[in-house]
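Every number in this text was worked out from the coordinates using simple rules, so none of it is lab data. Quick caveat, the model's predicted, so the values are computed rather than measured. Note that we place each Cβ from the backbone using ideal geometry, even for glycine, and neighbour counts take in every protein chain shown.
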Amino acid sequence: MLISRRNTVAWAMGTVAAMFAVTGALAQDGPIRIGSITTLEGPFATGGQDAYRAMEMAFEAIDYTIGGRQIEWIRESSNATPDVALARARKLIEQDEVDIIIGPLSGAEGIALRDYSRTLEGKTIVNGSSGAADTTLRDPSPNFFRFNTEGTQWMAGLGTYAYEEMGSRHVALVAADYAFPYAQVFGFMHEYCELGGAVTKLWSPLNTTDFSSIIAQFPSDVDAVVLIQGGTDALAFLTQYAEVGGDLPIIGGSITADQTLLSARGPHQSLMEGMVAAGPIADLNEDPNWQDFVARYRERWGSEGFDSPSIHAVNYYTNTIAVIQALEEVGGDLSDNQAAFQAALAAAEFTAPTGANVALDHNRQAISDIFLTRIVNDGGTMRTEAFGRTPNVSQTLGMDQDAFMALGSPSRDNPDCPPAR
Amino acid sequence: MIMMTSRQWLATAAGVVILLSLPLFLPNFWLVNIFGRAMVYGVVALSLTFLAHYGGFVSLAQTMVAGVAGYAVAMMAPTAIPLGPLAMPYFAAIPLALLAATVAGAIVGMIAVNTREIYLLMITLALAVGLSLFAQSNITWFRGYEGIRNIIGPEVMGLPFRTPLVFYYVALGVAVSMFLLVLYVVRTPFGLVLQAIRDSDRRAAAIGYYVGLHRIASFALAGFIAGWGGVLITFYNIGITPSSIGLWATVAVLIMAVIGGLGHPLGAFIGALIYTVMDTFASSIIGHDRFNTLIGLVFLAIVLLSPDGVWGLGKRLSTALGKRPQVNADRETSL
Amino acid sequence: MGFAGRAEEENVSLQFILTVTLNGLTLASLYFIVASGFSLIFGLMRTVNMAHGSLYMVGAYVGFAVYDPLYASDVWASHAWLIGIAAGILAAALVGLFMQVALLGWMQGQELRQALVTIGLSIIIADQLLALFGGNPFRFFTPELLFGPTELPVIGRYPIFRLFQVVLAVAVGIGLWLLLNKTKLGIVVRAGVDDRQMLAACGVNVPLVAATVFALGAGLAGLGGVIGATAQPMALGVDARFLLMSLVVVIVGGMGSIGGTALGALLIGLAEQWGQVLFPTYSVILTFVIMATVLAVWPQGLLGRKPT
């Protein structure tokens, strides 16, 4: 026991010494240290890789220099769980001594980092791509900024379009049973129910891939299907719906028409073409900002990247350029607990690569434009196309915060507008 | 009294003194996020090692039981967001959470009382994943996928729990207490019967011991130990979510216990420390993408080459180097 | 429960009940194909293969890597799916064979250690599949012959491929029954369950039998992988799902019994589909509740043998 204990301690001390050596070499006053967290492991890895492609473009554009100070970028990866994201954030702040963290990717991680940011002084966390509403809506942290819009905002305009343009009056809603879809469903139903539409909700457990018994429950009088699922599950649903000969029009959520769904071959394609949705990006968008961004993305990444930048790329890019612009405005000055920098962030107003205008509300949450999109067959490739835009959508959907909060938080049962019996 | 040789007392005391003085020469990051984190997860791994070594059960439900305590303290925490209906001060919430974990441990014991070894591994794994899925589905109590946040822990002597020294010394105090508790229990009559049952339950039953009761009690005790870990992990993570008790978290604790060595309670902490260091720094060295392959290979190498883990490796090395062999012939936990 | 309950009330009809039940049956078929391999390996060798879900994924990924270019070519397109199945089975069987021969064979009898080895392997395999094939989900395109709905009495339109899954599962079940009951290998395997040492003493090449059975069990996981990835999209993370499903199915049905595996798969498949209809929120838990209940009443599983 004695020997082993001594060995352990000796070994630990050796490691400590080695780490100090590394830290010492890195710790200079010169560079601005920016850490980032995304997901490079497991099922979300492709989104995380794309996020870092976009960040790299943003830093390359300024040649990793702001106000004469070098940018030192330290990348970390989590596995999309809050505990790991938090461990990575602690390492970045406390070991690597970064000034700013950009990240994370998924919703529950964002809430964990929001809580952590509250305990920090003179450090700033700027969101990557996470889209949980509560991160900024309830109990926000003064050190957490989010320049991308979130799940509820993303559905702006879709309920109205379904009711007024598609003439829909009763939809079957197929959604995964967790917080992000609750927010999306809330955003859709807020408009659709207000106008008088009826919704039959069919929740499926997270990661359901067999929807056959859910399809069997569609009421006979529904005139459209609202599908709030990620691409993989949406592909499963659409294939199974096609296999039983289903033919109702499909209305999607903001992450339904992702690369998985669009690039997959198969019988779902006939159902998918024409699917309308709403969200912060579309593959085909006339806006010159977007055209320029896509051109630069393709030129920089070629076949290594996606055909068109993903939602994660756009969100990370938007948040990164917010950081860069604010740093440029204060000339790289992070003194005084980053007071000037945080003030510049809070006041930032700029155009996202999608062409959307971005500004922050009092909770440091983005107010931005949301696009209506539809899936089109673009010369043999399925793509999403923007055909409408709702400008300056706020997190409280244009209401003041108290009125919005009075609606209650999104859940399985809220909001609710069942068909008349 | 804890019965140890004077040599062991000396070693333990020396170890504790070193750990107590670490804050003098370690930066906060190492204190909290390497040693502190290793100790709180090590306590959960310790409960697994205790069951495996002295009871003969490799239970994968220990992370789940720790999660019961974590969720319990989160539901009752006065700082929770959103605040639960059971909110109460931490000094009341923590004991109740430990009680919940002890009961949960006993329930796992009851379910698993008639099964051993490989069946137990499968059943406890299924139970662990079952609770994680339940927590993910239940909004009313468990707050679903996003979990219960802002569980910052109590103030200790007027300082927030996250203060590096507070967290480190609390974690150290709990880890050492639980370590000594295990060493103590296994030398009590209860602990001796437990080991007799492990070696031959029929013989123990023939002598007249209640085999089932002893097993359930050992699971309850392991639940109590894991509960301490669960409470501290929840404070460390500022909250708890279903992923904190999910499949990967469960496997991670198993990896810690096995890498360190199931043959001695100290192995749990050695394993937790190795895992924490690898988890924190491996990605800077080999890149993020292949961390799982690395940890998988290390785990596999340990299981293949030194089934009693780093602890056993160290012991064999010290023996081979001509040092005095261990007097205390601890039974090796055979894998 | 909200609307799901209401929607269900509207639809309660014989047609609805039969449809959901048939959905459960077809899902159970997929579960049976995968879990039977797990049960077979356990039955002979007492090895709990915690990498069984990984073998399922290996089958699907390798099968798809072979299938995809063939499907795109004009000449081979019509056979692509069958070749994909063969590739998937072969790949999983080879990985399984390697596991048994290189790692598990020489620690025969150390059940816990074997389980830990397979846990380590499953972590590595999942990460290597991500490295080799990327994280994009994919699915096989149902072959022409098996695509689309067919008319069933009462139920109406029903996907042909789901019915094919049932046929395949029955074929696998019959095949395994014949193998175990009518062949020399089967006699040896069944004898091995009872007394491995005696078997070795009788001059049977136990390592060879073990390797054969492991490859067969792994191959069934690979077959399940391709079938599963035709019925539903394949993504990283399904290894854990199918491992857990296999565990629960064999715990419920009884270890090492083909009939028990079939019964367990049927129960779990039906529970999943009916659970989704009756209480969608907690349907994922239902399978675990069934498992705990079965364990409390029949610790050996429904058709498991009492330990001797």
Discussion item. Cut-off is 10 Å between beta-carbons; in what order do B:291, A:44, A:59 appear when sorted fewest neighbours first?
Written reply: A:59, B:291, A:44
Worksheet item: Given a cut-off of under 8 Å on Cα pairs at least six residues apart, what relative contact order in percent is computed for region B:28-259?
Response: 40 percent
Worksheet entry | Global geometry of chain B, whether rounded, prolate or oblate, following the gyration tensor of its Cα atoms and the 1.5 cut on a/c | rounded
Worksheet item: Applying 1/(1 + (r/R0)^6) with R0 = 51 Å to the Cβ-Cβ distance of residue C:147 and residue B:156, what FRET efficiency is obtained, to the nearest 0.05?
Response: 0.20
Worksheet, complete the sentence: FRET efficiency for residue A:392 and residue C:86 from the Cβ-Cβ distance with R0 = 51 Å, rounded to 0.05, comes out at 0.35
Practice prompt. Please get the size of the charge dipole for the protein assembly as shown, origin at its Cα centre, with Cβ charges of +1 on Lys and Arg and -1 on Asp and Glu, quoted in debye to the nearest 20.
Written response: 5100 debye
Worksheet item: According to a simple spin-label model (label point 7 Å from Cα along Cα-to-Cβ), what is the distance in nm between residue A:97 and residue C:202?
Response: 7.3 nm
Discussion item. How would A:203, B:248 line up from fewest to most surrounding beta-carbon atoms within 10 angstrom?
Written reply: B:248, A:203
Worksheet item: Gap in Å between the Cα centre of region A:322-349 and the Cα centre of region A:371-387?
Response: 37 Å
Fill in: Karplus-derived HN-Hα couplings along region B:120-125 (A = 6.51, B = -1.76, C = 1.60, θ = phi - 60°), whole Hz, x at Gly and Pro
4, 4, 5, 5, 5, 4
Worksheet item: If each residue's Cβ is checked for other Cβ atoms within 10 Å, how do A:190, C:52 rank with the fewest at the top?
Response: A:190, C:52
Worksheet entry | Whole-Å semi-axes of the protein assembly as shown's equivalent ellipsoid (Cα gyration tensor) | 44, 39, 26
Fill in: Label point distance in nm, residue A:63-residue B:87, each placed 7 Å from Cα along Cα→Cβ
5.4 nm
Worksheet item: Which stretch or stretches of region A:90-127 have amide N atoms under 20 Å from the point lying 7 Å from residue A:340's Cα along the Cα→Cβ direction?
Response: A:99-101, A:121-125
Response to the item:
Across A:263, A:77, A:106, the residue with the highest GNM fluctuation in chain A (Cα network, 10 Å cutoff) is A:263
Worksheet item: If exposed chymotrypsin sites (Phe, Trp or Tyr not before Pro) are those in a DSSP loop with at most 16 other Cβ within 10 Å, what is the longest stretch of chain C that has none?
Response: C:148-308
Discussion item. Once you order the gyration tensor axes a ≥ b ≥ c over the Cα atoms, which shape class does region C:223-280 get: rounded for a/c under 1.5, otherwise prolate or oblate by comparing a/b with b/c?
Written reply: oblate
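Which value, in debye to the nearest 20, gives the size of the charge dipole of chain B about its Cα centre, when Lys and Arg are +1 and Asp and Glu are -1 at the Cβ?
The dipole magnitude comes to about 540 debye.
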Worksheet item: Relative contact order (percent) for chain A, with alpha-carbon contacts under 8 angstrom and 6 or more residues of separation?
Response: 17 percent
Worksheet, complete the sentence: Rounded to one decimal in nm, the spacing of the 7 Å Cα→Cβ label points at residue B:9 and residue A:347 is 6.9 nm
Item to complete: Can you grab the distance from the C-alpha centre of region C:64-109 to the C-alpha centre of region C:32-61, Å, no decimals?
Response: 14 Å
Discussion item. Under the rule of at least 5 residues apart or a separate chain, name every residue whose amide H is placed under 5 Å from the amide H of residue C:150.
Written reply: C:158, C:160
Worksheet, complete the sentence: With DSSP loop assignment and no more than 15 other C-beta atoms within 10 Å, the trypsin sites (Lys or Arg not before Pro) in region B:140-169 are B:162
Item to complete: Distance between Cα centroids, region A:139-156 to region B:198-233: provide it in whole Å.
Response: 49 Å
Worksheet item: Which of the GluC sites (Glu not before Pro) found in region A:256-324 are in a DSSP loop and have at most 12 neighbouring Cβ atoms, other than their own, within 10 Å?
Response: A:286
Worksheet entry | the protein assembly as shown - Cys residues lacking any other Cys C-beta under 4.7 Å | C:202
